[in-house]
Amino acid sequence: MLTPVLASLTADIAATAALPLTSAHTLPQAAYTNEAFFKLEEEKLFRAGWLCVAHISELPNPGDYLALELLGEPLAITRAEDGAIHTLSRVCPHRAMDILPGSTGFPRKGHAPNLLCPYHFWSFEMDGRLRGCPHMQEAKDFTKAEWPLTAVRSDVWNGFVFVNFDGAAMELAKCYRDLDAIVAPWNFAQMSIAITMDWDCPFNWKVMVENWMESYHHIGAHSTTLNRIMPGQNTWIEPEHPHYVHAHLPYTAKLQAEVEEAAARGEAMPGFLPISGLSGGQSKEWGLFTGYPFFMFLTMPDRLLWYRLLPISAERCKLQTITLVSPETMASPELAKMIEEESVLLRDFHLEDMEVNEAVQTGLRSRYAVRGRLSHLEEPVWLIQRYLAARLAGAYPEKASRKPYYGLRTV
Ligand code: FES
Ligand SMILES: [Fe+2]
């Protein structure tokens with residue numbers, strides 16, 4: 001049973017999301033600031049959905065683990081002896097200690113023959129089974145097999161590890177099946193992490209995801225960077241999907257011509273080594289995706305960008321911006337130089353986003369915040385609203401009418 005405040009907020013969101021895109025406006029500010037509403041999102045969106053926690057290249061060998069905190073839960077993502085990936089609660093089944101203490105809020109990597117609780121030295125296999133427990137021989141009816149670390153439902157899609165806390169989400173492979181062919185050339189599972197940057201984000205998770213998905217802001221926030229190569233008015237959006245939103249960010253005509261000329265000369269564009277097997281369109285655009293609720297990734301002709309978001313409260317998240325590259329790039333003698341150059345670009349445009357996201361949260365906290373109108377270029381913001389409203393009602397967004405559909409433009 002919802003409190004009156006949450007009931008009215010939820011009704012407002014449902015009414016807002018039901019508007020056609022031409023009449024769309026922003027959500028009530030409480031959707032970005034209210035802690036009780038954040039808890040409701042945790043239950044209806046996060047715990048009931050698939051949350052991306054790791055890339056398998058972070059756990060290449062048996063015994064590798066990644067410790068992270070998600071929705072207040074200390075978790076360990078592990079690779080067991082047989083190569084299988086597991087997601088385990090780090091809460092010791094003895095006296096509840098976090099078996100990998102020392103959280104900084106950002107994921108921590110490690111390698112060990114087993115997981116050892118520092119309190120009384122109970123030890124666990126990488127699949128969670130209790131392996132050793134000193135001085136427990138007098139405990140009546142105590143059977144080691146009955147005291148594993150708790151497993152959280154977990155699955156892998158194209159090299160990305162996901163968790164589903166409530167254990168009831170639709171199969172991960174089904175949710176993202178329609179993306180498989182689109183992302184196939186990148187071969188995500190074979191990629192490796194080249195650059196990771198940590199960010200403390202004093203803003204709501206939807207501020208991040210909305211900013212990630214709409215390119216209208218290229219005109220302002222990225223006026224001297226991204227807007228020069230991908231103006232927002234060229235952006236177009238794929239039809240609504242129940243599990244993700246997919247936007248295309250084509251290069252300017254000038255840059256597209258440069259890509260074609262370089263290809264004709266057999267040369268690569270600046271950056272990492274190009275991904276092979278891309279379609280003509282994919283080699284001249286960025287593909288922007290959010291798997292609901294917050295699996296954010298960006299396919300580029302030479303790399304994959306992945307944003308690992310860890311929401312903490314209504315107004316705070318931890319974020320890692322992660323660049324993955326192909327095996328060919330990892331083997332290149334130029335790798336260190338490429339990383340140095342590309343890190344500058346990545347930091348610069350993400351700093352531009354950090355600045356606007358922090359300032360938007362400041363505005364959303366103000367008593368003068370209003371319900372703004374949306375441009376047609378903010379179609380992804382409207383689609384995210386429709387996802388939010390549907391999940392709050394226990395459903396998935398239906399494929400929206402394509403009217404009005406703005407489609408591909410050329411500038
Ligand atoms: S709390 Fe972990 S061994 Fe005692
Ligand atoms: Fe941006």
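Values as computed for the structure displayed
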{"quantity": "Total formal charge among the other residues, if their Cβ is under 14 angstrom from that of Gly132, Lys/Arg +1 and Asp/Glu -1", "calculated": "+2"}
{"quantity": "With eigenvalues of the C-alpha gyration tensor scaled by 5 and rooted, the chain, Å", "calculated": "37, 29, 18"}
{"quantity": "Tilt relative to the chain, helix 4-17 - C-alpha long axis, 0 to 90 degrees, to 10", "calculated": "40"}
{"quantity": "Of all accessible heavy-atom area on segment 281-328, the percent that carbon and sulfur account for (1.4 Å)", "calculated": "52"}
{"quantity": "Rounded FRET efficiency, nearest 0.05, which uses the C-beta distance separating Arg347 from Ala36 and R0 of 30 Å", "calculated": "0.25"}
{"quantity": "With Cα atoms, 0 to 90° folded angle of helix 379-392 axis to the chain main axis", "calculated": "40"}
{"quantity": "Whether segment 313-372 is rounded, prolate or oblate, judged on the alpha carbon gyration tensor where a/c under 1.5 counts as rounded", "calculated": "prolate"}
{"quantity": "Nearest-ten-degree value, helix 335-365 long axis tilted from longest Cα axis of the chain", "calculated": "90"}
{"quantity": "Whole-angstrom gap from segment 323-353 to segment 107-152, using each part's C-alpha centre", "calculated": "40"}
{"quantity": "For peptides 380-392, 53-65, 171-183, sequence by mean Cβ density within 10 Å, most packed first", "calculated": "380-392, 53-65, 171-183"}
{"quantity": "Protein accessible area in segment 51-160, 1.4 Å probe - carbon and sulfur %", "calculated": "52"}
{"quantity": "Zone residues, segment 189-204, relative to Arg108, backbone N less than 20 Å from point 7 Å out along Cα-to-Cβ", "calculated": "196-201"}
{"quantity": "For segment 194-207, 3J(HN,Hα) per residue [Karplus equation, 6.51 cos²θ - 1.76 cosθ + 1.60, θ = phi - 60°, Hz, x = Gly/Pro]", "calculated": "9, 9, 10, 10, 9, 9, 8, 10, x, 8, 5, 4, 6, 4"}
{"quantity": "Magnitude of the charge dipole, the chain, Cβ model with Lys/Arg +1 and Asp/Glu -1, debye to 20", "calculated": "840"}
{"quantity": "Sum of side-chain charges, Leu27 neighbourhood, beta-carbon under 9 Å (Lys, Arg +1; Asp, Glu -1)", "calculated": "+1"}
{"quantity": "Derived scalar couplings ³J(HN,Hα) [segment 209-214; Karplus, 6.51 cos²θ - 1.76 cosθ + 1.60; whole Hz; x for Gly, Pro]", "calculated": "5, 5, 5, 4, 8, 9"}
{"quantity": "Value at 222 nm in deg cm²/dmol, rounded to 500, when DSSP H runs of n ≥ 4 in the chain each add -39,500 (n - 2.57)", "calculated": "-7500 deg cm²/dmol"}
{"quantity": "For Tyr244, solvent-accessible area (1.4 Å; no DNA, RNA or ligand), Å²", "calculated": "20"}
{"quantity": "Peptide ranges 20-28, 233-241 listed from the most packed, as the mean C-beta count within 10 angstrom indicates", "calculated": "233-241, 20-28"}
{"quantity": "For segment 51-160, size of Cβ-based charge dipole, Lys and Arg +1, Asp and Glu -1, in debye", "calculated": "180"}
{"quantity": "Å² per residue, accessible surface of segment 186-300 at 1.4 Å", "calculated": "36"}
{"quantity": "The chain: relative contact order as a whole-number percent, Cα under 8 Å and 6+ apart", "calculated": "22"}
{"quantity": "Label-to-label distance, nm, for residues given as Ser223 and Asp82 (7 Å Cα→Cβ offset)", "calculated": "5.9"}
{"quantity": "Per residue, in Å², the accessible surface of segment 32-166 once ligands and nucleic acids are set aside, probe 1.4 Å", "calculated": "45"}
{"quantity": "For segment 121-137, 3J(HN,Hα) per residue [Karplus equation, 6.51 cos²θ - 1.76 cosθ + 1.60, θ = phi - 60°, Hz, x = Gly/Pro]", "calculated": "6, 5, 10, 10, 5, 5, 8, x, 5, 5, 9, x, 8, x, 6, 9, 5"}
{"quantity": "Lys174-Leu19 pseudo-label distance in nm [points 7 Å out on the Cα-to-Cβ vector]", "calculated": "3.4"}
{"quantity": "Ranked by how many other beta carbons lie within 10 Å on average, peptides 152-165, 131-144 from highest", "calculated": "152-165, 131-144"}
{"quantity": "FRET efficiency for Asn187 and Ala151, using Cβ-Cβ distance with R0 set to 30 Å, rounded to 0.05", "calculated": "0.60"}
{"quantity": "Sequence-distant residues sharing a close amide H with Tyr244 (under 5 Å, placed H)", "calculated": "Tyr292"}
{"quantity": "Whole-Å semi-axes of the ellipsoid equivalent to segment 51-160 (Cα gyration tensor, √5λ, descending)", "calculated": "24, 15, 12"}
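The values are calculated or read from the model by the stated rules, or taken from the named source; none is laboratory data. All figures in this text were calculated on a predicted structure; none of them were measured in a lab. Don't worry about glycine lacking a Cβ; one is built from the backbone with ideal geometry, like all the others, and counts go over all protein chains shown. Calculation scope for accessible area: heavy atoms of the full protein, side chains included, ligands and nucleic acids excluded. Shrake-Rupley method; radii C 1.70, N 1.55, O 1.52, S 1.80 Å.
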